[in-house]
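The values are calculated or read from the model by the stated rules, or taken from the named source; none is laboratory data. As the structure is a prediction and not an experimental result, all values here were calculated from the model. Cβ: placed from backbone, ideal geometry, glycine included. Neighbour counts: every protein chain shown.
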């Protein structure tokens, strides 16, 4: 079986995140780039199956001008190979362009199953798995909190407001997972050293096939036209109970249309 896992480099969750007013995109130089935690969990889900099925191939795929460190980390965890999509034409790509490029790379690589996180911690679009499945023309199972993989299909649970749903699909398929999935394993020293020798293929848009090229060449894309810095927080009014505190509070809430 060949499992493709979609991963992404995002600004460190514990660092400062901001939009660059000049480029109107995420300021990725403003903090360290790390492998998104939900991506780590997706890699873990694939490797957990690979642990019991030695003939399984796990390919990690990422897109963007970021460093290859996140791909090497996934390889150190145990992934078989990696694919990195890098092209100046894709700078500022929106969700549509991104999904088309990823689908092109997946079709080129071949797959039985694609695993992705439900949403990244920077863009938080939450639709990439669905858009990729549409491009590939395969079933989609989203929001899985558990995942069981077999040679013929997948089964998992999706938590709803008042119940837990059991979802199943035949392969090939695309699935997205949530943070309820198990934590990722930590790369060993042996795995880290071995990752340097594992295949890492770099692709441009010319390598992604005609369908991806058509989207990138002809489809419109969404862009951010203006970025405004969030205003600094200011202290709110202070109400001192001098016998009129209730009236002051009611007046304040009324002025904010809260009562």
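Only residues that are closer than 29 Å to residue 99 by Cα and surrounded by 10 or more Cβ atoms within 10 Å (Cβ to Cβ) were counted in the range 224-252, giving 2. When only residues in the range 50-63 that are over 12 Å from residue 74 (Cβ atoms) and in contact (Cβ under 8 Å) with a residue 40 or more places away in the chain count, which is surrounded by the fewest Cβ atoms within 10 Å (Cβ to Cβ)? Once the filter is applied, the top-ranked residue is 55.
Hey, among the residues in the range 19-49 that are surrounded by fewer than 19 Cβ atoms within 10 Å (Cβ to Cβ) and part of a helix (DSSP H, G or I), which one's nearest to the chain's Cα centre (by Cα)? By that ranking, first place goes to 37.
Scanning the range 166-212 for residues being free of Cβ contacts under 8 Å to residues at least 40 places away in the same chain and surrounded by 16 or more Cβ atoms within 10 Å (Cβ to Cβ) gives a total of 2. Taking the criterion of being within 23 Å of the chain's Cα centre (by Cα), under 17 Å from residue 44 (Cβ atoms) and not in a strand (DSSP E or B), the residues of the range 140-191 that qualify are 178, 179, 180, 181, 182, 183, 184, 185, 186, 187. Please tell me if residue 132 is surrounded by 23 or more Cβ atoms within 10 Å (Cβ to Cβ) and in a helix (DSSP H, G or I). Taking the combined requirement at face value, the residue satisfies it.
The lone criterion from (1) closer than 26 Å to residue 70 by Cβ; (2) surrounded by fewer than 16 Cβ atoms within 10 Å (Cβ to Cβ) left unmet by residue 146 is number (2). When the test is whether a residue is closer than 26 Å to residue 26 by Cα, surrounded by fewer than 19 Cβ atoms within 10 Å (Cβ to Cβ) and touching a strand residue (DSSP E or B) at 6+ places or on another chain (Cβ under 7 Å), residue 121 passes it. Look through the range 8-18, keep the residues that are surrounded by 13 or more Cβ atoms within 10 Å (Cβ to Cβ) and part of a loop (DSSP other than H, G, I, E, B), and return whichever of them is modelled with the highest pLDDT. Residue satisfying both the conditions and the ranking: 8. The numbered conditions (1) in a loop (DSSP other than H, G, I, E, B); (2) closer than 30 Å to residue 144 by Cα; (3) in contact with a helix residue (DSSP H, G or I) (Cβ under 8 Å, 6 or more places away or on another chain) are all true for residue 212 except (1).
Within the range 66-102, restricting attention to residues that are more than 21 Å from residue 195 (Cα to Cα) and touching a strand residue (DSSP E or B) at 6+ places or on another chain (Cβ under 9 Å), the residue that is surrounded by the fewest Cβ atoms within 10 Å (Cβ to Cβ) is 91.
If you filter the range 74-97 down to residues that are modelled with pLDDT of 95 or more and assigned to a helix (DSSP H, G or I), you find that the one that is farthest from residue 129 (Cα to Cα) is 76. The one condition from (1) in contact with a helix residue (DSSP H, G or I) (Cβ under 7 Å, 6 or more places away or on another chain); (2) assigned to a helix (DSSP H, G or I) that residue 60 does not meet is (2).
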